[in-house]
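Here, each number is a calculation from the coordinates, and none is a lab measurement. Computed from a predicted model, the values in this text were never measured in an experiment. Positions of Cβ are backbone-derived with ideal geometry, glycine not excepted, and every protein chain shown enters the neighbour counts.
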Amino acid sequence: MFLTTFLLAVPAILQAFALTKSRESLNFKRDTSLQDSLFPTSETYTAGFTTAEGVQVSGVSSVPLSDSALGVYKVASETTHELVQQGGKNAWQAVYNQGSYSSGGTKGGFSFYVNGTTEFASALSAGAYGVMFGYSVMFEQNFQWNMGGKLPGGYGGQGSLAQACSGGRQDNRDECFDLRIMWRTDGAGELYTYLPLTQGNANAQLQVPPQSIQNPDYGFSVGRGSFNFTSGVWYTIAERIILNDPSQSNGEVHVWVNGQNVIALKGVQLRSSSESVVQGMHFITFFGGSTSSWASLVTQGAWFADISGAIITSTTLY
Ligand SMILES: *[C@@H]1O[C@H](CO)[C@@H](O)[C@H](O)[C@H]1NC(C)=O
Ligand SMILES: *[C@@H]1O[C@H](CO)[C@@H](O)[C@H](O)[C@H]1NC(C)=O
C-alpha cells in the first residue's frame, strides 16, 4: 500500500522538480536576440566578457557595468558617464551639452578607454588576431543629429602610440588604428577609421557601399548609410576586427547592427608589425568634427549598455 502510493507519487515529485528547474531558467530570461546581436558569428569565443543580462555564450563571462570591472582608464575630465537605468538596461549616460563639439570650450559626451577584463586584456596584449566588440546605444527621443558625432569602437597599435591615432594625426599612422562608429546627418550610420595611410587601404575602404569618403582629416567614412539610427530605440552594434599578417593586406573589419551584417571591409592593413595589437575599445562619444558648425544644437543625451568583448580563436571568413 505504502509502496504503491510512493510509486504513484514519483511522477508528481519529478514534475515538481522539473517545474522548479524551468522556473529557474525563466528567471534568467535568456535573450537570444540580444546574444546573437552582440556575438553574431558562430565562431569560437574565449576570454570574453559582457555586461548584458540574459546572454549565455560559451567563453563569455558576465561582468557588472562598472569602471573597475571593465578596466576603464584615461577618463577625460569635465565629462561624465553616470550609471543609470534606461529602457530596461543598466547604462552609461552621455550628456551632450548645447554648443559642445570635439574641440569646443563646452564639453559634452564622454571619452575614455576600455581594456576589458584582465583575462581579455592579457589575451589582446599576447597578440590575439581576432576580436569581437559589442555594445547597445540609444539616443534620446527627438535627438537632434546635426552633422554627426563619434561612437565607440575598437582601437589598437604599438604601445602608447595607439592612443594618439585619431583627431587627424598623420605621423606613425602605420603603428595604430582606430575603428569607431559615427552618426551623421539624419542619423546615417558609418564606420569612421584611422588606418595606415596606404593606397591599398584607401582603395579597399572607398569601395564599401553605399558611400565611402576620404575626409580632410585623413579619416575615412566607410559605408555611410549602410544603417541608420532612429532616436528612442536601442541599437546593438558588433564590430569584428581581424588583424592582418604584418606583411600582408588581409585584415578585416565587419560591423553588425541588430544582428545584421551592414559593413564588410576586407583586404586592409591595420599594422605593419606584429607588435601592433588590438588594445581595447576607444569608448568615446561627442559631436564633431572640430568646428562649431558640428556643435550639439541642444542639451541632449544617449545611453550605452551591453558592453562586450571576446577573443575569436577560430575564424571563419565573412
Ligand atoms: C589598461 O591598459 C593600459 C595599457 O596596457 C594600462 O596602462 C592601464 O593601466 C590599464 N588600466 C586599467 C584600469 O586596467
Ligand atoms: C538610410 O537612410 C538613407 C537616407 O534616407 C537611405 O537612402 C538609405 O537607404 C537608408 N539605409 C538603410 C540601410 O535603410
| message | Looking at the chain only, what percent of DSSP beta bridges run antiparallel? Nearest 5 please. | response | 95 percent
| field | Packing rank of 252-262, 226-236, where each peptide gets the mean count of other beta carbons within 10 Å, highest leading | value | 252-262, 226-236
| field | Taking the chain and dividing mean pair separation by its residue count, relative contact order in percent (alpha carbons under 8 Å, at least six apart) | value | 28 percent
| said: For the chain, what is the number of Lys pairs with C-alpha distance below 27 angstrom, counting only pairs 8 or more positions apart or on separate chains? | reply: 10
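Quick one: compute the contact order of segment 77-178, relative version, from alpha carbon pairs under 8 angstrom and 6+ residues apart, as a percent.
Value for segment 77-178: 14 percent.
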| field | Gyration tensor verdict on segment 30-314 (Cα atoms; rounded if a/c is under 1.5, prolate if a/b is larger than b/c, oblate otherwise) | value | rounded
| Per-selection Rg to Rh, segment 119-208 - Cα, Kirkwood hydrodynamic radius | 1.01
| query | Tally Lys and Arg at +1 and Asp and Glu at -1 over the other residues with C-beta under 13 Å from the C-beta of H254: what net charge comes out? | reply | -1
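Give me the percent of DSSP beta bridges within segment 30-93 that run antiparallel, rounded to the nearest 5.
60 percent
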| field | Within the chain, helix-based [θ] at 222 nm, where runs of 4 or more DSSP H residues each add -39,500 (n - 2.57), nearest 500 | value | -5000 deg cm²/dmol
| Along segment 297-308, what does the Karplus equation 6.51 cos²θ - 1.76 cosθ + 1.60 (θ = phi - 60°) give for ³J(HN,Hα), rounded to whole Hz, x for Gly and Pro? | 6, 9, 7, 8, x, 8, 10, 10, 8, 6, 6, 9
